[in-house]
Every structure is written in C-alpha cells, then in structure tokens.
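The values are calculated or read from the model by the stated rules, or taken from the named source; none is laboratory data. Quick caveat, the model's predicted, so the values are computed rather than measured. Neighbour counts are summed over all protein chains in view; Cβ atoms, including those assigned to glycine, are modelled from backbone coordinates with ideal geometry. Heads up: the accessible areas ignore ligands, DNA and RNA and are worked out on the full protein's heavy atoms, side chains in. Shrake-Rupley method; radii C 1.70, N 1.55, O 1.52, S 1.80 Å.
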Amino acid sequence: PQVIAPAEIGDDAGPLGELLSERRGARVEVRPAERGDKARLYDLASRTAALALDQEKLKAERRRQQRVDALEGLQATLGLDALPVRVECYDISNLMGTHTVAAMGVFEGGVPKKSDYRRFTIRGLTEGVPDDFAAMNEVLSRRMAQYERQQDLSPHDPERNAAFAALPNLIVIDGGRGQLSAGLAALTEFRRRGVAVVSLAKRIEEVFVPGSAVPIVIDHARPELQLLQRIRDEAHRFAITHHRSRRDRAMTESALDGLPGIGPARK
C-alpha cells in the first residue's frame, strides 16, 4: 500500500500513485524519502540493490570467462585453426528404424542459439530398417546443399535462412567412428572451407577426429568436454522431441481422417 520513492520524485508522486493504484486494484501511496526512517530505508534499499547489481555483474563476467576458457580449451584439444565460435551438432532419432528424424543444435559463443536449431525428416531410408549412417549422411548432405543455396540469395530475400547461411567453425556428430565417416563423406566442401568435423561417442565420451584411429579422451572435469556434452545433449533433446511428435501423429492416424462429418471426438 505504500511505495517509498527517491526524494527527487517531487510532483510525479501523485500520478505514479494513481497508476500503481490502478495496477494493484487498491490505493497505493507514493512517499518521497526525504528524511527520517523513510530516507534511511530508501538508502538501505539503494545500497542493497547496488550490491546485488555488482554481484550479478561478477557472475556474468565469470560465466563469460568460463565460456571463453571452454572454447579456447576446445580449440587447443582439437587442434583447430580458429576459436570454435559457432558449433553445430547433429543427432539422429528413430524407433526401430521408423519415423527417423534428425536435429541440428547450434551454440554460438558457448551458449545455445535456439533460433538456429533445425529439424529434419529423413526421407531416403526404407521404413523399419534402421541405418543411422545413411541418415547422418543424408542430413549433412542437405545441410551442405542448403548452405550452397543460401549463398546465392540476397540478405534481404525472404527465402534466406540465416541458420543455414552461416558457416560453422566446428561440426559435432553424435556417434562414433562410423557416424563420423558417414558425415565426412557429405561435408567435403565444408572441410575445404576450414570447417572442422568430429564425433562424440556416448559410451565413455570419446572424441573421434578425421585421420586418427585413436580417439581423444578428455578429462570429464574439463570445460571443453562439458561444452561438447551440452551441445550434444541439446541436439539429442531436440531430435527426440521431433521424433515423438511424428510418432504420436502416426499412432493417431486413421482411415476416418478427412471424412466429412467425422470429427476428432467421433473418430
């Protein structure tokens, strides 16, 4: 019912009180903190707020530094020429070879860029025959083709897709050596442009890199591995969500769909 405001509020106290009363649905009195207990209370609140803001700034700076450390560690561990500012991760999801889908998760500057996440429905497989290698090859071939197509479009073209027009620094494939091989076959042009490609296997979180038979094993406490895990987990979550959506739609399809006079309840 009472708001203590800065002493400088002056003539604005009345209109502000009316506005707050309307919001509250009951009378609100706005009192300037000019002297006495109200001034001391306002001073305490101001100092508390300033302290909270400083602490939040420190936390934000620590988080930023942690992201920088993770990206620099990833660059050093994988021997990358440049800091992996944009990282894309690809994951395949299916149930016994049915409703196979893929997802592209994107991190920029060490944080998710959800506006660039993309889903894919895999078309080139025989339904009921699981083939993650072929699915990975298809989705990365489509990603490569989309990038090439986007380069011919003006930035102002309504068909331009910023997520596909961007060139990643690093592509992470969810899986082991087989998934990596399938992905490399589709990404020749990306690799010529300097895009690094690795895969992350779930069993003991090994990182497979092209041209090496021995995977890289990063300590689980290292921020660079934790960053890779977060990117992989985001892509996996996004793929699973898409797969469940397609599967649920398929389970409720019926010969009655589309018949005139037959709605969801009667069906």
Degrees, to the nearest 10: 13-24 long Cα axis against longest axis of the chain: 50 degrees
Between 0 and 90°, nearest 10: helix 132-150 axis offset from the chain longest Cα axis: 60 degrees
Sparse-neighbour loop sites [GluC sites (Glu not before Pro); the range 112-190; at most 16 other C-beta within 10 Å; DSSP]: Glu127, Glu159
Highest-fluctuation residue, Ala221, Ala196, Ala163 considered, GNM on the chain with Cα pairs under 10 Å: Ala221
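Counting alpha carbon pairs within less than 8 Å and at least 6 residues apart, what relative contact order, in whole percent, applies to the chain?
Details: 389 pairs, mean separation 45.4, N = 267.
Dividing the mean separation by the residue count of the chain yields 17 percent.
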Identified option (computed Rg/Rh (Cα atoms, Kirkwood Rh); candidates [x] 1.06; [y] 1.29; [z] 1.19): [z]
Length-normalised contact order for the range 179-246 - Cα pairs under 8 Å, 6+ apart - percent: 18 percent
Accessible area of the chain divided out per residue, in Å², using a probe of 1.4 angstrom: 58 Å²
C-alpha long axis of helix 36-78 to longest principal axis of the chain, angle in °: 20 degrees
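Taking only Cα atoms of the range 77-122, what ratio of Rg to Rh do you get with Rh as the Kirkwood inverse-distance radius? Intermediate results must be reported in sequence, preceding the final value.
On the way: Rg = 13.6 Å, Rh = 12.2 Å.
That ratio is 1.12, to two decimals.
Under a point-charge model restricted to the Cβ atoms of Lys and Arg (+1) and Asp and Glu (-1), what is the dipole moment magnitude of the range 1-145 relative to its Cα centre, in debye to the nearest 20? Walk me through the intermediate numbers first.
Values: 22 positive and 23 negative charges, 36 e Å.
Computed charge dipole of the range 1-145: roughly 180 debye.
Once you've got the Cα coordinates, tell me which of Lys59/Lys202; Lys59/Lys114; Lys57/Lys202 are over 29 Å apart.
Values: Lys59/Lys202 31 Å; Lys59/Lys114 23 Å; Lys57/Lys202 36 Å.
From the list (Lys59/Lys202; Lys59/Lys114; Lys57/Lys202), the Cα-Cα distance tops 29 Å for Lys59/Lys202; Lys57/Lys202.
Out of all Cα-Cα pairs in the range 1-103, roughly what percent, to the nearest whole number, are more than 25 Å apart? Spell out each step's value before the answer.
Numbers: 3157 of 5253 pairs.
I get 60 percent for the Cα pairs in the range 1-103 exceeding 25 Å.
Taking Cα atoms of the range 144-267, Rg/Rh with Kirkwood Rh, to two decimals? Kindly include the intermediate steps, with their values, before the conclusion.
Values: Rg = 20.4 Å, Rh = 17.9 Å.
Using only Cα positions, Rg/Rh for the range 144-267 is 1.14.
DSSP loop chymotrypsin sites (Phe, Trp or Tyr not before Pro) in the range 163-258 with at most 10 other Cβ atoms within 10 Å of their Cβ, which ones? List each step's numbers first, then the result.
Details: sites: Phe164, Phe190, Phe208, Phe238; in loops: none.
Hits after loop and neighbour filter: nothing returned.
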Dmax and Rg, reported as Rg then Dmax, of the range 41-196 (C-alpha, Å): 20.5, 71
Trypsin sites (Lys or Arg not before Pro) lying in DSSP loop within the range 69-157, provided at most 10 other Cβ fall within 10 Å: Arg123
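I'm a student and want to see the number: the projected area of the Cα convex hull of the range 178-225, averaged over all directions, in nm². Please report the intermediate quantities before stating the final value.
Details: hull surface 15.3 nm².
Computing the convex hull of the Cα atoms and averaging its projections yields 3.8 nm².
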